[in-house]
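Here's the structure we're looking at; comments come further down.
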Amino acid sequence: MKRSGLFLLILIITAHAANAQKAAATVEVMVQGIDEGLVDILLPVQHSVFWGASRVDTIKGKKPLTIKLTDDQTGFVNIIVVEREIRLFVQKGNNIKITIDEDNEEEPVTINGPNKDGQTLLTSGQLLYPGSLLPRYKRDTIATMLEKHVGDDKAVRMNIFKKLFDEHKIDKPFFDFIKLTLDYYHASIITEVIASKYEASALPKDNPFYKAPFSPDFGALWEATYRQYPVNNPAAICSFGYSDRFNTYAGDYLNSYLSWQKQKYGAAPSVSDPVANIKETVQRIQHNLKPPVAEFVEADLLFSELSLEKNYVILSALFNDFKKRHPKSVYIPYIQPLADRAIAYYERVKQDFTSGQKIIKDYRLINSFRELISHFRGKPVYIEFWATWCFPCKDQFEYEPGLTKFLQKNNIEHLFISVDNDRQEAEWKELIKYYNLEGSHIKANPSLIKDLSKIFWQGKGYALPLYAIIGASGNIIEFDALKPADRKKLYQQLSR
């Protein structure tokens, strides 16, 4: 009996271990005619749609990529592969197979598995970012027009899924998810349109974007929308409609709707300082939202703001406070790497410039490209045009060490021209230190930017990033040179 009992116990433990390893659901992705490609995958975090959880995987050859989901990862899944976005609602026990064939013009994406017709429709449906839809509803000058216009659009989408449900082609959980998503998606459109009207009315009257005073009927619709579709709905954070980035439904509520409510009852308007605004938004989350929505929205805000690589000091402090209040938050692992980068950032930028990081003397007084290049007469120059807000520019900085070594070896000057405005001067200098950009640096003044625009962009503003090669005599050899990431090809171009 003892041996039998022990054997039974071992079987039970083994079964539990096997179940722990078994996926709750799987999604297989196959791409025809590709040797290798990147796949961007967003899986739910405790069923919520937290965009900070997005990760990148690789798909190779004819072998499908199998994505395994745990119980907590079932729900809305977003996959981007070969520039195609796949949207799914994955339930426990589902095994969904996706095939992408670009040669099949009629049906490039095939989805098989539970609710396949609904999954296909969800993927093909044009649920655009609400802010991008503002022009569509621009002519809705009164609230009833806006409400009817958005309601009609919602009914068209909803009726298609209702037909699938009535024909038993999608199950009730899938249909309920779609209804929740479309409810909050279209509510987001209404609140985004109204928020834009309110913000335009709050501008100074001499501002070219100022609009007439905010209409009370839009205010009433705003209030009615948030009553009908509450921000504090835990189910809503699991829908695509609520959670399409922070600054839609919850963002409009915290940053615009509550500001309007304050002014409506005679309170002073919010300050315009970015750091103060972040702190005020966090306070509003804590005072107006309830768990688990408050935790989700605050985590989303911290991730979004830290991703912008700005205001690191206040964001680090706010994240530390978040961890104290939510020590077991499932969102911490996704935010922590960004917070660690913030700490590393400030450790580096508090140092002095190195001998290799040279700010051009009296750079504010240089008004023309000819005057600037005269500082390097007799030497060829490789120029990088950039700005602190230009992410593609900063993506190239990881290739600077190899480029710097090549330029120094070949006696070629390295010039970084920033087109930032004066408000970004401190950040400009910080990023030079953070990325260890060895070379000569200038932040162009308005006159120099105008001259550069004429020379490199035909007087039509400027587009970043841009790279150029200047000869030893000061003439422009390449108006659109290769980028640092091109490495050997760029080095060959510089050696001609």
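Just so you know, all these numbers are worked out from the coordinates, no wet-lab data involved. None of these values were measured; they are calculated from a predicted model. When we count neighbours, we look across all protein chains shown, and the Cβ atoms used for this are built from the backbone with ideal geometry, even at glycine.
Annotations
- Rounded to the nearest 20 debye, the dipole size of region 271-350 about its Cα centre is 220 debye, using +1 on the Cβ of Lys and Arg and -1 on the Cβ of Asp and Glu.
- For region 131-189 and region 332-392, distance of Cα centres in Å: 47 Å
- Label zone at residue 82, where the point sits 7 Å out along the Cα-to-Cβ direction: region 90-121 residues whose backbone N lies under 12 Å: 99-105, 107-110
- Loop-located GluC sites (Glu not before Pro) in region 101-179 (DSSP state other than H, G, I, E, B) with a sparse environment of at most 10 neighbouring Cβ atoms within 10 Å: 105, 106, 167.
- Residues whose amide H falls under 5 Å from that of residue 24, counting only those 5 or more places apart or on a different chain, are 69, 70, 71, with hydrogens built in the peptide plane.
- If you take the Cα centroid of region 98-114 and the Cα centroid of region 206-242, the two points sit 38 Å apart.
- Rg ratio (alpha-carbon, reference 2.2 N^0.38 Å) - the chain: 1.17
- Computed from label points 7 Å out along Cα-Cβ, the spacing between residue 399 and residue 206 is 4.7 nm.
- Taken along the Cα-to-beta-carbon direction at a fixed 7 Å, the label points for residue 421 and residue 377 span 3.6 nm.
- Placing +1 on the Cβ of every Lys and Arg and -1 on the Cβ of every Asp and Glu, with nothing else charged, gives the chain a dipole about its Cα centre of roughly 860 debye.
- Reduced Cα scattering model of region 126-261, Debye log10 I(q)/I(0), q = 0.19 Å⁻¹: -1.10
- Region 23-114 pair-distance distribution - Cα-Cα, 10 Å bins, rounded %: 17, 52, 28, 4
- FRET efficiency for the residue 158 to residue 344 pair, using the beta carbon distance and R₀ = 45 Å, is estimated at 0.40.
- Computed from phi, the 3J(HN,Hα) profile of region 414-426 under the Karplus parametrisation 6.51, -1.76, 1.60 (θ = phi - 60°) reads 10, 10, 9, 10, 8, 10, 5, 8, 5, 5, 9, 4, 4 Hz, with x in place of Gly and Pro.
- Expressed as a whole percent, the proportion of Cα-Cα pairs in region 280-414 lying more than 19 Å apart is 65%.
- Stokes-Einstein diffusion for region 305-345, with the hydrodynamic radius set to the Kirkwood value over Cα pairs and evaluated at 20 °C in a medium of 1.002 mPa s, equals 209 µm²/s.
- Trypsin sites (Lys or Arg not before Pro) restricted to DSSP loop in region 346-405 with at most 14 other C-beta within 10 Å: 350, 361, 377
- The chymotrypsin sites (Phe, Trp or Tyr not before Pro) of region 353-446 that meet both conditions, a loop assignment by DSSP and at most 13 other Cβ atoms within 10 Å of the site Cβ, are 353.
- Within-12-Å neighbourhood charge of residue 367 [Cβ basis; K, R +1; D, E -1]: 0
- Counted charge near residue 352, where neighbours are those whose Cβ lies closer than 15 Å (Asp, Glu -1; Lys, Arg +1): +2
- Among residues other than residue 148 with Cβ under 12 Å from its Cβ, the summed charge is -3 (Lys and Arg +1, Asp and Glu -1).
- Using the rule -39500 (n - 2.57) for each DSSP H run of four or more residues, divided by the residues of the chain, the 222 nm mean residue ellipticity is -14000 deg cm²/dmol.
- Radius ratio Rg over Rh of region 357-495, counting only Cα atoms, Kirkwood formula for Rh: 0.92
- Residue-wise HN-Hα coupling along region 77-88, computed from phi with Karplus coefficients 6.51, -1.76, 1.60 (Hz; x: Gly, Pro): 10, 10, 10, 10, 9, 6, 6, 10, 9, 10, 10, 9
- Estimated FRET transfer efficiency when R0 is 22 angstrom, pair residue 487-residue 391 (beta carbons, to 0.05): 0.65
- Residue 71-residue 365 FRET efficiency (beta carbon distance; Förster radius 60 Å; 0.05 resolution): 0.40
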